[in-house]
1. Give me a count of the residues in segment 189-206 that are open to solvent by less than 10 Å² (accessible area, probe 1.4 Å), closer than 14 Å to Gly291 by Cβ and β-branched (Val, Ile, Thr).
2. Return yes when Ser77 is touching an Asp or Glu at 6+ places or on another chain (Cβ under 7 Å) and of a type in the set (S, T, N, Q) and no when it is not.
3. Among the residues of segment 79-104, write down those that are within 26 Å of Pro213 (Cα to Cα) and either among the β-branched types (Val, Ile, Thr) or surrounded by fewer than 18 Cβ atoms within 10 Å (Cβ to Cβ) (or both).
4. Among the residues of segment 72-119, write down those that are of a type in the set (Asp, Glu) and within 15 Å of Arg199 (Cα to Cα).
5. Return a yes/no flag: does segment 152-173 have any residue that is outside any helix (DSSP H, G or I) and either modelled with pLDDT under 95 or not β-branched (Val, Ile, Thr) (or both).
6. Regarding Ala26, is this residue closer than 26 Å to Ala132 by Cβ, open to solvent by 60 Å² or more (accessible area, probe 1.4 Å) and modelled with pLDDT under 95?
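The values are calculated or read from the model by the stated rules, or taken from the named source; none is laboratory data. Note that the coordinates shown come from a computational prediction; the quantities given were computed from them, not determined experimentally. Every residue, glycine as well, gets a Cβ built from its backbone with ideal geometry; the counts of neighbours run over all protein chains shown. Note: areas computed on protein heavy atoms with side chains; ligands, DNA, RNA excluded. Shrake-Rupley method; radii C 1.70, N 1.55, O 1.52, S 1.80 Å.
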Amino acid sequence: MATPRTVVVTGASAGIGRATARAFGARGDRVGLLARGSAGLDGAAKDIQNAGGQALAIPTDVADHRAVDAAADQVQSTFGAIDVWVNVAFTSVFAPFHQISPEEYRRVTEVSYLGFVYGTMTALRHMRERDAGTIVQVGSALGARAIPLQSAYCGAKHAINGFTESVRTELLHEHSDIHITVVQMPAVNTPQFSWVLSRLPRHPQPVPPIYQPEIAARAVLFAADHPRRKQYWVGASTAATILGQRVMPALLDRYLAKTGYSSQQTDESVSPERPHNLWEPRDEDAGSDHGAHGIFDDQALDRAAQPWLSEHIGAVTGAGAAALAATAALAVRRRR
């Protein structure tokens with residue numbers, strides 16, 4: 001059995017962060033849980049303890065770098081040196097760009113981009129003491145190919161890629177034994193679609209195909225164990241999206257302009273005044289733990305071939321990339 005490690009997961013109260021924290025706990029790791037909602041944090045801590053790990057729940061807004069620093073110090077004083085740091089926390093607004101206020105845009109950017117910056121900054125502060133450790137950024141296919149109605153989130157995910165590349169090259173220049181990698185995710189069945197700030201007339205949904213958060217969590221664990229790769233892609237849809245953007249961005253522009261609104265909404269009408277989590281966590285007022293899964297269990301896939309391909313044969317290049325891009329183009333034409 002592997003020696004237990006000290007791990008920090010941001011956004012650990014729900015969704016991918018929750019599933020990832022639970023997966024680390026199942027290996028016997030000591031997990032620091034950072035998120036805003038106390039009910040979700042308490043639930044995540046119980047998950048980890050029931051799985052055989054140790055948990056420390058610390059209510060933290062990742063947009064506050066002092067709070068992130070203080071949380072990391074508390075984790076290290078409780079569990080020892082931090083071995084792995086996973087940045088997951090985010091928020092978003094589903095709306096056309098002209099319907100998003102400057103304050104809302106700033107808040108999404110502070111959480112979904114600067115939260116990763118602050119987490120990475122804090123992780124490096126601790127890891128440099130031993131010149132050892134791994135940082136995993138939970139990215140998205142939308143960090144390579146943006147879609148309508150999520151300009152703030154897509155902008156943040158694009159920024160994370162550029163920021164991480166810069167930090168990686170600095171670590172390489174220093175011949176550091178600290179590693180940083182990105183796991184690019186597909187659409188995932190998480191609770192965010194039920195609590196995100198939305199100005200859409202119908203209930204938001206992830207663009208199909210939808211995957212269960214446990215698939216994302218397994219990919220994060222693999223990346224944490226094998227961090228030398230620049231990126232990992234999860235799901236065939238992620239591979240097709242990234243490769244398609246490389247070879248036919250103009251076609252994707254037109255396709256997404258036509259389909260991007262309807263594909264992100266169910267048939268269920270929702271009030272624009274429904275509660276959301278942009279400023280405050282949604283489990284505080286309801287006192288409920290939302291868990292890792294959203295409301296799309298009946299549609300979500302619990303298996304994906306692409307993580308296996310990434311883990312065992314590396315990123316698809318050359319003829320493989322051309323083949324995948326051609327397949328994506330054919331799929332777009334058929335759907336049109």
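1. 0
2. no
3. Hits for segment 79-104 are Ile82, Val84, Val86, Val88, Thr91, Val93.
4. Across segment 72-119, the qualifying residue is only Glu104.
5. So far as segment 152-173 goes, no, none of its residues is outside any helix (DSSP H, G or I) and either modelled with pLDDT under 95 or not β-branched (Val, Ile, Thr) (or both).
6. no
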